[in-house]
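Have a look at the structure below, then the notes.
The values are calculated or read from the model by the stated rules, or taken from the named source; none is laboratory data. Just so we're clear, the structure is a prediction, and the values are computed from it rather than from any experiment. Because the Cβ atoms are built from the backbone with ideal geometry, glycine has one as well, and the counts that use them run over all protein chains shown. For the accessible areas, the whole protein counts, side chains as well, though only heavy atoms, and no ligand, DNA or RNA atoms are used. Shrake-Rupley method; radii C 1.70, N 1.55, O 1.52, S 1.80 Å.
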Amino acid sequence: GGSSAYLLGTDNQGRDMLSTILYGGRISILVGIAAVFLGMLLGVTLGVISGYFGGLTDTIIMRIADVQLTIPGILIGRAALPLELREEFAIYVVIVAIGLTDWPQFARVARGATLVEAEKEYVQAAKLIGLPKFTIILRHILPNTLRPVLVIATIGHALAIIAEATLSFLGQGIPPTTPSLGTLIRVGNEFL
């Protein structure tokens, strides 16, 4: 016996499922945006530094990125949060865990774009007139590397939402008292 007041029905406690899904989607999108922003900030910074300075700096940063790529993000998310702190800091830990696992993709794209931009004539002219290196990076190279990075960010946002939902489904992400897409899937899984 359904009701037109609750289009998707109610859960076992009588709460409207449509409003719960909308609220949970809001939290998942927020976690995704924050995690991508953190990964993009860290990755672009390290990628531009790596590509512009090259040499030993490039080698060290890119080897750290290679090691980071071998560690699954879900594993970091599960290991990052002790159970006694789960209620208080869960959203922040999930954001940091997902952001720290996503930075190598941004670093690689930013490094590649920086290598291309550093060889262009306007950058060579800026070096020739004696502009400081960080001024060249901030004014000339960084704005021109953001286009490909934003493409990766849109894909990364969807993957961050999936990672958050996976962690919440496993019981390691957002606390069960806060609705998120993964928590709703876990609760719905009990009825299958």
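Observations, loosely collected:
- The set of residues in segment 176-191 being among the β-branched types (Val, Ile, Thr) and either in contact (Cβ under 8 Å) with a residue 40 or more places away in the chain or open to solvent by less than 50 Å² (accessible area, probe 1.4 Å) (or both) consists of Thr177, Thr178, Thr183, Val187.
- Pick from segment 139-175, criterion of a type in the set (Ser, Thr, Tyr) and under 25 Å from Ile74 (Cβ atoms), ranking: most open to solvent (accessible area, probe 1.4 Å): Thr154
- Pairs meeting the criteria (first residue in segment 121-134 and free of Cβ contacts under 8 Å to residues at least 60 places away in the same chain, second residue surrounded by 11 or more Cβ atoms within 10 Å (Cβ to Cβ) and in a helix (DSSP H, G or I), beta carbons under 7 Å, at least 6 apart or on different chains) are Tyr122/His140; Val123/Glu117; Val123/Ile136; Val123/His140; Val123/Ile141; Ala126/Ile136; Ala126/His140; Lys127/Ile136.
- All positions within segment 1-32 that are among the hydroxyl-bearing types (Ser, Thr, Tyr) and within 19 Å of Ile161 (Cα to Cα): Ser19, Thr20, Tyr23, Ser28
- The criterion of at least 1 residues that are at pLDDT below 90, more than 19 Å from the chain's Cα centre (by Cα) and surrounded by 13 or more Cβ atoms within 10 Å (Cβ to Cβ) is met by the following helices (runs of 4 or more DSSP H) wholly inside segment 11-126: 17-53, 86-118.
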